[in-house]
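K.L.:
One structure is given below, represented as structure tokens, and several questions about it will come after.
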Amino acid sequence: MNYTPEQQAAISARGRIIVSASAGSGKTFVMINRLVELILQGADLNRVLALTFTNKAAAQMRDRLRAALLKNIGENPSARARLKEQLKSLPMAEIGTIHSFCGRLVRTHFYLVGVDPAFRIISPEDAEGNALSAKATAEVFEEAYADGGEEFADLLSVYFRKKKDTRLKNLVLSLYRAVRGGEGYRETLARIGREDKFGEACGILCDDFRRNAEFLLNKTREISDSLGGKNARAELVCGDIAKVCETLLAAPDLFAMAEFAGAPFAIATMPRMTKAEGAELKALKTLSACSKAVKELCGEIREIGGREEEYARCENGRRRAAALAGLALKYDEA
């Protein structure tokens, strides 16, 4: 096989290593060849633990390892007997998901942890897991309807559609699943919507708008320099775009920026491009895109309301986020 330098390094490296790679880059392929090389160097499969995240990936790894061992039996006569021995032990090798390995470990030592050895692990994807999830969701919502709290009523006013609360239930479940895998997920849910993030949110939006304005300003200056004053109409467009961007950049905060964007301003009409060609045509097309982009940017900023209006909107969002997180916590308990 022709390995890339990175793959070869991952296969041949020994000791404690971490390999980070994106999807489809051949991680399973590398791991299989790493296992084969370890076996050829004297390692036994019964001393190997290979963990994956899904049953499908574990089955693929086992099948590919079997194929790789068979291939090496034919190519390495000197190691044939040893490879055949390893092939026989493959069905008992610890190749599987993290859940299955931990499950076997607990079953073997159930008396140390005080659990019934006949326990089963329920997956969110299987029928039993779905049934338990649906039952827990129903319990949480029945209790919320019975309590008649204002926060829950507010959520229903936003997410109740076609006389059904399905959308709200799905939102609670999606929030829960998004945080469930993290450390201290219950503390994370308990914090959601409990802090005033208005100033931080305004700062993030303002910085984002400023970055866009700065990019358009710099791009327009580049275009102006490349045209060298040979197209008066284009220079007018460049000047108008630059004036808008400079004003946006000079605004002290988000609301001053929105006030300017809401006021009338004009950008000169683009010159005709019928006779332009080469570098000039490319510059004019880029300038046209910049003119359109600065108008769209101002249109987006114009949507920002006054400080009091936006704070009230932020507070509504914060309360609803806290209410959603509260339902997710109750679902977790159920």
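K.L.:
Could you rank the peptides 233-243, 165-175 by their average count of other C-beta atoms within 10 Å per residue, with the highest value first? Numbers along the way, then the final one.
P.N.:
Details: 233-243: 18.7, 165-175: 16.8.
Going from most to least packed, we get 233-243, 165-175.
K.L.:
Return one number: the angle in degrees, 0 to 90 and rounded to the nearest 10, between the long axis of the Cα atoms of helix 278-302 and the longest principal axis of the Cα atoms of the chain.
P.N.:
90 degrees
K.L.:
If you build the Cα gyration tensor of segment 198-302 and take the root of 5 times each eigenvalue, what three semi-axes come out, in whole angstrom, biggest first?
P.N.:
For segment 198-302, the semi-axes come out at 29, 12, 10 Å.
K.L.:
Then there's this: Rounded to the nearest Å, what's the spacing between the alpha carbon centres of segment 1-35 and segment 186-260? Just the number, please.
P.N.:
Each part reduced to its Cα centre gives a spacing of 44 Å.
K.L.:
Can you give the alpha-carbon Rg of the chain over 2.2 N^0.38 Å, where N counts its residues?
P.N.:
On the way: Rg = 31.1 Å, N = 334, 2.2 N^0.38 = 20.0 Å.
Relative to the 2.2 N^0.38 Å estimate, the chain comes out at 1.55.
K.L.:
Right, another one. Provide 205, 249 in ascending order of the number of other Cβ atoms located within 10 Å of each residue's Cβ, fewest first.
P.N.:
Numbers: 205 17, 249 14.
Result, fewest neighbours first: 249, 205.
K.L.:
Take the cross-link list 163/197; 164/292; 27/135; 27/84; 27/197 and give me the ones stretching past 31 Å between alpha-carbons. Display every interim value, and only then the final one.
P.N.:
Working: 163/197 33 Å; 164/292 42 Å; 27/135 39 Å; 27/84 25 Å; 27/197 41 Å.
Distance filter (> 31 Å) returns 163/197; 164/292; 27/135; 27/197.
K.L.:
Additional query: Just to verify a number: FRET efficiency for residue 112 and residue 185, C-beta to C-beta distance, R0 = 22 Å, to 0.05?
P.N.:
On the way: r = 27 Å, r/R0 = 1.21.
The computed FRET efficiency comes out at 0.25.
K.L.:
Could you tell me the distance between the Cα centroids of segment 113-163 and segment 274-319, to the nearest Å?
P.N.:
Value for the Cα centre distance between the two parts: 42 Å.
K.L.:
Any idea which of 23, 8, 83 is furthest toward the positive side of the dipole for the chain, if Lys and Arg beta-carbons carry +1 and Asp and Glu beta-carbons -1?
P.N.:
83
K.L.:
Taking other Cβ within 10 Å of each residue's Cβ, how do 210, 16 sort, fewest first?
P.N.:
On the way: 210 16, 16 5.
Ordered by Cβ neighbours within 10 Å, fewest first: 16, 210.
K.L.:
What aspartates and glutamates sit close enough to residue 230 to cross-link, taking a C-alpha to C-alpha distance under 20 Å and skipping anything fewer than 8 places away on the same chain?
P.N.:
Cross-link targets: 222, 240, 277, 280.
K.L.:
OK, next. Can you compute the charge dipole magnitude of the chain about its Cα centre, using +1 on each Lys and Arg Cβ and -1 on each Asp and Glu Cβ, nothing else charged? Give it in debye, rounded to the nearest 20. Display every interim value, and only then the final one.
P.N.:
Values: 50 positive and 45 negative charges, 367 e Å.
Dipole magnitude for the chain comes out near 1760 debye.
K.L.:
Okay, moving on. Neighbouring Cβ atoms within 10 Å as the yardstick, rank 99, 109 fewest first.
P.N.:
Numbers: 99 14, 109 11.
Starting with the residue having the fewest Cβ neighbours, the order is 109, 99.
K.L.:
Under 8 Å for C-alpha pairs, at least 6 residues apart: give me the relative contact order for segment 5-108, rounded to a whole percent.
P.N.:
31 percent
K.L.:
Compute the long axis of helix 307-333 from its Cα atoms, compare it with the longest principal axis of the Cα atoms of the chain, and write down the angle in degrees, 0 to 90, nearest 10.
P.N.:
10 degrees
Computed from the coordinates by the stated procedures, all read-outs in this text should not be read as laboratory data. As the structure is a prediction and not an experimental result, all values here were calculated from the model. Neighbour counts are summed over all protein chains in view; Cβ atoms, including those assigned to glycine, are modelled from backbone coordinates with ideal geometry.
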